[in-house]
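The values are calculated or read from the model by the stated rules, or taken from the named source; none is laboratory data. Because the structure is a prediction, the values reported are computed rather than measured. Quick reminder, even Gly has a Cβ in these numbers, built from the backbone with ideal geometry, and neighbours come from all protein chains shown. Just the protein is used for accessible areas: all its heavy atoms, side chains included, with ligands, DNA and RNA removed. Shrake-Rupley method; radii C 1.70, N 1.55, O 1.52, S 1.80 Å.
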Amino acid sequence: MDEFIERYGPERVWAATVVLLVAGVTLAAWVFPQRVYVDIIWQYFWGPVVADAHGWGCIAWAGGEQIHCNEATGDFGPTAAPGYTAISYAGYIPTLILMAIGILFALRRLEIGSFRGGFFALFPFMLFGGALRTVEDANVAAYRETGELAIQLPWSGFLISPLIYFTVTLIALVALVGAVFLERNDSVSRYEYPLFGIGAVVLAATLGWLGYLAVTTEYASFYPSIPTIVLTAATVSTAIVWMGIQRFVPELNRGTGYMGIVVIWAHAVDGFANQLMLDWSQVWGLSYAPKHPVNDAIVTVTGSVLPASVTEITGAAWPFALLKLAAPVFIIWIFNEEIFDENPRFAILMMITVVAVGLGPGTRDMLRATFGI
């Protein structure tokens, strides 16, 4: 295998692998539509996306009609529900790995990615991912209110996890190529400036659309106190944790440097957004339930261990916020100087992924509550 890769080059082998996989899956779905497309692709991959797009807990194939399970009668075929399964993970994880490898090849081709400035330039795109996902939440709210999707399928499917990761990555990659082009043509001194600017523009446009919905529709509102509380709590707690690291264990952040602040803050936003919405959303007349297994487990365990008289005051989701402050510290410790020295492109790409994993869901949860959708 090593000789084969060395002979044809890793980039060509990667490209051939992607083409063969896409062609193979497409051919199999065409030759065996029921066994491959309906029983596998639809049931475990596309069906959950369609269900999520409508806000349904269950969707039935029903001969291709794709209707709510409550409306299905007779032999309606396979069903699907929003979320992930072992089979979907088996498909998504290799796909994400292939995508990450492709991004590394792209960064190498562009001869960038070794500089920490690129990490900070991509920060608006990390916020953009959560905001864009909230647009799909608004789409579901529109469907519940009017019976019609404002953004029709299949397009709305690209705003739903996990497809939204590919959508945001593609937008960021196009912006990156454009920014590098401007730098190479001496239009800007550094590619990071236009890259950050493009990210800020798409983020502002997305927030502007959500604000427009809040003003013009019945299914969206605006509660500015929610982001104020979440962002203040995340910022203050990040400052406390960071100063503690600097004072007592400064060697922890020698690899990540100031990127560590962004990592901690991103996960703090996720933690406090979840805590606020799960424990105190009723203050704004809203109601949210845990959407992830970890949140659900923590709330359940805390509620069973602490007396009701205590959880009525403290809530039951606060351990999740503490976990989201502790976990990034552990990540910072793992990404030491040696990792950044040996493969800086890979290390920075992993840092971007770590931030996106926290900030994407956190931003979405915060904005969902902010706009009451």
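Looking for something among the hydroxyl-bearing types (S, T, Y) and either more than 19 Å from the chain's Cα centre (by Cα) or at pLDDT below 90 (or both) - is there at least one such residue anywhere in segment 167-185?
Looking through segment 167-185, none of the residues is among the hydroxyl-bearing types (S, T, Y) and either more than 19 Å from the chain's Cα centre (by Cα) or at pLDDT below 90 (or both).
Residues in segment 134-149 that are in a loop (DSSP other than H, G, I, E, B) and in contact (Cβ under 8 Å) with a residue 12 or more places away in the chain: 1 in all. Select from segment 59-90 the residues that are within 17 Å of G157 (Cβ to Cβ) and in a helix (DSSP H, G or I) and write down the one among them that is least open to solvent (accessible area, probe 1.4 Å). Top of the filtered list is S88. Within segment 118-141, does at least one residue satisfy the condition of being hydrophobic (A, V, I, L, M, F, W, C), out of contact with any helix residue (DSSP H, G or I) (no Cβ under 8 Å at 6 or more places or on another chain), surrounded by 15 or more Cβ atoms within 10 Å (Cβ to Cβ) and over 27 Å from I41 (Cβ atoms)? Yes, segment 118-141 contains a residue that is hydrophobic (A, V, I, L, M, F, W, C), out of contact with any helix residue (DSSP H, G or I) (no Cβ under 8 Å at 6 or more places or on another chain), surrounded by 15 or more Cβ atoms within 10 Å (Cβ to Cβ) and over 27 Å from I41 (Cβ atoms). Please work out if T300 is open to solvent by 20 Å² or more (accessible area, probe 1.4 Å), without any contact (Cβ under 8 Å) to a residue 24 or more places away in the chain and in contact with a Gly (Cβ under 8 Å, 6 or more places away or on another chain). The answer is no for T300. Just to check your reading of the model, which residue among W56, W14, W42 is at pLDDT 90 or above, open to solvent by less than 80 Å² (accessible area, probe 1.4 Å), within 30 Å of E148 (Cα to Cα) and assigned to a helix (DSSP H, G or I)? Checking each option against the conditions leaves just W42.
Inspect segment 351-363 for any residue being outside any helix (DSSP H, G or I) and farther than 18 Å from D279 by Cβ and give the result as yes or no. No: segment 351-363 contains no residue that is outside any helix (DSSP H, G or I) and farther than 18 Å from D279 by Cβ. Do we have F181 as of a type in the set (F, W, Y), crowded, with 19+ Cβ neighbours inside 10 Å and over 17 Å from G360 (Cβ atoms) here? No.
For segment 26-62, a residue qualifies if it is among the β-branched types (V, I, T) and closer than 18 Å to A80 by Cβ, and the qualifying residues are V36, V38, I40, I41, V49, V50, I59.
Within segment 197-223, residues that are touching a residue at least 40 places away in the same chain (Cβ under 8 Å) and farther than 17 Å from R133 by Cα reach partners that are surrounded by fewer than 18 Cβ atoms within 10 Å (Cβ to Cβ) and of a type in the set (F, W, Y) with beta carbons closer than 7 Å, at six or more positions or on different chains, in the pairs Y223/W284. Scanning segment 27-39 for residues that are open to solvent by 50 Å² or more (accessible area, probe 1.4 Å) and either assigned to a helix (DSSP H, G or I) or in contact (Cβ under 8 Å) with a residue 40 or more places away in the chain (or both) gives L27, W30, V31, P33, Q34, R35, Y37, D39.
Checked against the criterion of being assigned to a helix (DSSP H, G or I), in contact with a helix residue (DSSP H, G or I) (Cβ under 6 Å, 6 or more places away or on another chain) and either open to solvent by 30 Å² or more (accessible area, probe 1.4 Å) or modelled with pLDDT under 90 (or both), the candidates I261, I226 yield just one match: I261. Looking at the structure I just gave you, is A289 assigned to a loop (DSSP other than H, G, I, E, B) and open to solvent by 30 Å² or more (accessible area, probe 1.4 Å)? Spelling it out, A289 is indeed assigned to a loop (DSSP other than H, G, I, E, B) and open to solvent by 30 Å² or more (accessible area, probe 1.4 Å).
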